[in-house]
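Below: the structure, in structure tokens.
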Amino acid sequence: MTLPPAPVTPTIDLDAPGASHGFLRLPHSRDDSAWGSVMIPIAVLRGGDGPAALLLGGSHGDEYEGPIALFDLARSLDPRALAGTVVIVPALNLPAFRAGTRTSPIDRGNLNRSFPGSPTGGVTQKIADYVTRALLPRADIVLDVHSGGRTLDFVPFAAAHLLPDKAQEARATAAVAAFAAPFSMQMLEIDAVGMLDTTAEAMGKCFVTTELGGGGTARAETAAIARRGVRNLLIHAGILNAAPDPAPTRWLDMPSGDCFTFAEDAGLLEPVVDLGAPVRAGRPVARIHRTDRTGLAPIELTAKLDGLLAARHFPGLVQQGDCAAVVAVPR
Ligand code: ZN
């Protein structure tokens with residue numbers, strides 16, 4: 001089956017030399033603009049011959065380290081210092097980014113569950129389709145900067161996945177090390193269907209993702225980690241000719257689904273350990289206090305593995321089914 005052409009039009013020539021700043025224009029006909037468009041900012045910085053990097057932020061609209069680092073990089077990177085090309089989309093799911101929400105207010109689409117996308121789907125599916133068919137094929141190395149958003153908080157890490165192609169896995173792992181976040185993760189996904197990660201990896205790309213914090217905001221520390229990491233990655237890829245800014249990193253593994261602790265009850269969440277702290281199998285990581293009446297004992301949520309607390313539910317109240325804690329195992 002031949003797919004119809006992507007409905008997205010770049011307003012700049014993606015192959016032009018030097019620095020180009022423009023938009024991915026996606027028609028969006030709606031009540032307040034009959035022939036309106038979603039205008040997703042994009043920058044292309046092309047220097048001499050060399051590999052191409054695709055740097056994405058804002059796949060989820062309530063994660064801020066990626067947009068901070070990538071708007072900054074798009075403004076400050078000098079194409080004359082590049083051997084290759086850097087394509088930067090700092091706020092990929094623009095409608096979600098504008099609304100400060102994980103999913104799009106237009107179609108409730110979760111961009112990182114919408115891949116490979118569709119040219120005939122909703123706005124979010126169309127963005128995914130353009131990335132899959134127009135942007136990914138141009139890239140040798142792909143970075144998608146995530147954080148926890150409003151409902152999760154993470155120790156800051158860059159991550160690669162276990163892959164069937166061990167040479168591809170080794171390239172991604174080396175790129176994660178070069179990013180030099182405080183933690184580096186061999187990551188297990190609980191919900192990999194429809195992810196950009198899976199699509200890019202299936203195309204053979206060197207793919208790096210991150211979780212750099214969360215809670216629906218950025219911190220000075222995590223913004224600095226993102227800024228340093230994206231530059232280090234471009235230097236590692238041989239695209240940016242500059243001195244890397246290395247930093248110690250601690251490798252973590254997620255050996256199985258036992259890393260995750262889900263809440264089976266709603267209530268008031270009391271953390272028992274903080275992010276980065278050691279945890280022991282069978283020992284509590286959090287308590288859920290029931291708030292419908294007094295006199296009830298709290299419910300203990302326990303770790304299933306020895307390790308450290310890599311992520312936690314962020315809001316003070318927890319719902320049934322929420323991911324309450326993630327334990328990762330230091331190497
Ligand atoms: Zn995310």
Within region 114-153, track down each residue that is within 16 Å of the ligand (Cβ to nearest atom), touching an Asp or Glu at 6+ places or on another chain (Cβ under 7 Å) and in a helix (DSSP H, G or I). Thr124, Gly149, Arg150
Strands (runs of 3 or more DSSP E) wholly in region 210-320 with at least 2 residues that are small (Gly, Ala, Ser) - which ones? 307-313
Given the structure, is Arg46 of a type outside the set (A, V, I, L, M, F, W, C), crowded, with 17+ Cβ neighbours inside 10 Å and more than 22 Å from the chain's Cα centre (by Cα)? yes
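Conditions tested, residue by residue: (1) crowded, with 17+ Cβ neighbours inside 10 Å; (2) over 30 Å from Ser29 (Cα atoms); (3) touching a Gly at 6+ places or on another chain (Cβ under 9 Å); (4) in the same structural domain as Leu55 (by TED's automatic domain parsing).
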site	(1), (2), (3), (4)
Arg98	no, no, yes, yes
Gly109	yes, no, yes, yes
Val142	yes, yes, no, yes
His146	yes, no, yes, yes
Give the residues of region 1-24 that are at pLDDT 95 or above and surrounded by fewer than 16 Cβ atoms within 10 Å (Cβ to Cβ), sorted by residue number. Thr9, Thr11, Ile12, Asp13, Asp15, Ala16, Pro17, Gly18, His21
Applying the selection to region 166-193, what residues are at pLDDT below 95 and assigned to a loop (DSSP other than H, G, I, E, B)? Leu188, Glu189, Ile190, Asp191, Ala192, Val193
Every residue from region 305-331 that is surrounded by fewer than 17 Cβ atoms within 10 Å (Cβ to Cβ) and either among the basic types (Lys, Arg) or over 23 Å from Glu189 (Cα atoms) (or both): Gly316, Leu317, Arg331
Of the candidates Ser29, Ser33, the one satisfying the condition of being among the hydroxyl-bearing types (Ser, Thr, Tyr), out of contact with any Phe, Trp or Tyr (no Cβ under 7 Å at 6 or more places or on another chain) and either assigned by TED's automatic domain parsing to the domain that holds Thr120 or surrounded by fewer than 11 Cβ atoms within 10 Å (Cβ to Cβ) (or both) is Ser33
Does Phe157 count as within 15 Å of the ligand (Cβ to nearest atom) and not basic (Lys, Arg)? yes
Does Glu189 meet the test of being surrounded by fewer than 23 Cβ atoms within 10 Å (Cβ to Cβ) and under 13 Å from the mean Cα position of the chain (by Cα)? yes
Tally of residues being in contact with a Lys or Arg (Cβ under 6 Å, 6 or more places away or on another chain) and on the phi > 0 side of the Ramachandran plot across region 155-196: 1
Looking at (1) of a type in the set (Asp, Glu); (2) crowded, with 24+ Cβ neighbours inside 10 Å; (3) more than 16 Å from the ligand (Cβ to nearest atom), find the lone condition where Glu211 falls short. (3)
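The values are calculated or read from the model by the stated rules, or taken from the named source; none is laboratory data. Just so it is clear, the structure is predicted and the values come from calculations on it, not from any experiment. Because the Cβ atoms are built from the backbone with ideal geometry, glycine has one as well, and the counts that use them run over all protein chains shown.
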